[in-house]
1. Considering the stretch 92-119 alone, what residues qualify as being surrounded by fewer than 18 Cβ atoms within 10 Å (Cβ to Cβ) and of a type in the set (D, E, K, R)?
2. Just one of Ala121, Ala82 is of a type in the set (A, V, I, L, M, F, W, C), over 20 Å from Glu37 (Cβ atoms) and assigned to a helix (DSSP H, G or I); which is it?
3. Limited to the stretch 23-54, what total is found for residues that are open to solvent by 40 Å² or more (accessible area, probe 1.4 Å), hydrophobic (A, V, I, L, M, F, W, C) and touching a Leu at 6+ places or on another chain (Cβ under 9 Å)?
4. Considering only the stretch 55-76, state which residues are within 16 Å of the chain's Cα centre (by Cα) and either open to solvent by 60 Å² or more (accessible area, probe 1.4 Å) or under 15 Å from Gly134 (Cα atoms) (or both).
5. Do the conditions hold for Arg15, that is, is it farther than 16 Å from Trp126 by Cα and either in contact with a Ser or Thr (Cβ under 7 Å, 6 or more places away or on another chain) or buried (at least 16 other Cβ atoms within 10 Å of the Cβ) (or both)?
6. So Leu140 clears everything in (1) open to solvent by 50 Å² or more (accessible area, probe 1.4 Å); (2) part of a helix (DSSP H, G or I) except one condition, right? Which one?
7. Kindly list, by first and then second residue, each pair from a residue in the stretch 43-58 that is of a type in the set (S, T, N, Q) to a residue that is open to solvent by 20 Å² or more (accessible area, probe 1.4 Å), limited to pairs with Cβ atoms under 8 Å and residues at least 6 apart or on different chains.
8. With the structure loaded, tell me whether Glu20 is at pLDDT 95 or above and either acidic (Asp, Glu) or over 30 Å from Lys81 (Cα atoms) (or both) or whether it fails that test.
Amino acid sequence: MLGGVLKEMVEVSDRAEVLEALRQIGTRADDKIDIAEAALLLAASDRPGEPLEPYREQLAELAEQARAGTSSTHSVELQVKALVDLLVDQWDLHGDTETYDDPRNANLMHVLERRRGLPVAIGILWLHAGHAYGADITGLSFP
């Protein structure tokens with residue numbers, strides 16, 4: 001996880017600060033990167049001046065709800081069901097099949113606002129929720 005250093009450093013998406021935070025992320029080992037925070041900073045680079053805190057609050061809320069929804073079981077099947085209930089039913093996260101090529105579908109800020117996005121953006125939120133409760137979850141890279 002990135003920890004509080006970057007989060008305290010970049011509160012509003014000032015492009016220079018965002019790019020510096022992304023450079024710092026780039027020096028970390030893959031397993032030490034908070035992918036949701038990195039995606040949020042990438043989104044912020046496209047929306048200068050946008051406060052980051054509302055999006056971080058949403059990510060924190062998603063994480064807390066994932067922990068709460070999975071805390072009563074060690075069953076992988078029930079944990080997956082809890083994540084589906086959370087992300088699909090409660091948060092209404094879906095791929096954007098109507099305007100798939102809309103650039104907003106790749107920007108995590110827009111995805112959090114619209115609850116629609118590209119599979120990779122939605123996948124980042126699945127990873128974030130899974131990591132929140134300690135799941136050994138990894139994204140795959142394939143065409």
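The values are calculated or read from the model by the stated rules, or taken from the named source; none is laboratory data. Note that the structure is predicted; figures quoted are calculated from it, not measured. Backbone-built Cβ (ideal geometry, glycine too); neighbour counts: all protein chains shown. When the accessible area is computed, the model is the full protein with side chains, heavy atoms only, and any ligands, DNA or RNA have been set aside. Shrake-Rupley method; radii C 1.70, N 1.55, O 1.52, S 1.80 Å.
1. Asp92, Glu98, Asp101, Asp102, Glu113, Arg114, Arg115, listed by residue number.
2. Working: Ala121 fails: over 20 Å from Glu37 (Cβ atoms).
None of the other options fit; the residue is Ala82.
3. The first filter runs over the stretch 23-54 and keeps only residues open to solvent by 40 Å² or more (accessible area, probe 1.4 Å), leaving 23-24, 26-33, 35, 42, 46-51, 53-54.
Applying the additional criterion that residues be hydrophobic (A, V, I, L, M, F, W, C) yields 29, 33, 35, 42.
Filter again for touching a Leu at 6+ places or on another chain (Cβ under 9 Å), leaving 33, 35, 42.
Of the residues in the stretch 23-54, 3 are open to solvent by 40 Å² or more (accessible area, probe 1.4 Å), hydrophobic (A, V, I, L, M, F, W, C) and touching a Leu at 6+ places or on another chain (Cβ under 9 Å).
4. Taking the stretch 55-76 as the starting set, the residues that turn out to be within 16 Å of the chain's Cα centre (by Cα) are 55-67.
Matches in the stretch 55-76: Glu57, Ala60, Glu61, Leu62, Ala63, Glu64, Gln65, Ala66, Arg67.
5. Details: farther than 16 Å from Trp126 by Cα: yes; either in contact with a Ser or Thr (Cβ under 7 Å, 6 or more places away or on another chain) or buried (at least 16 other Cβ atoms within 10 Å of the Cβ) (or both): yes.
It is true that Arg15 is farther than 16 Å from Trp126 by Cα and either in contact with a Ser or Thr (Cβ under 7 Å, 6 or more places away or on another chain) or buried (at least 16 other Cβ atoms within 10 Å of the Cβ) (or both).
6. Here Leu140 clears every test but (2).
7. Partner pairs satisfying both residue conditions: Ser45/Arg15; Ser45/Leu19; Ser45/Leu22.
8. Numbers: at pLDDT 95 or above: no; either acidic (Asp, Glu) or over 30 Å from Lys81 (Cα atoms) (or both): yes.
No, not satisfied.
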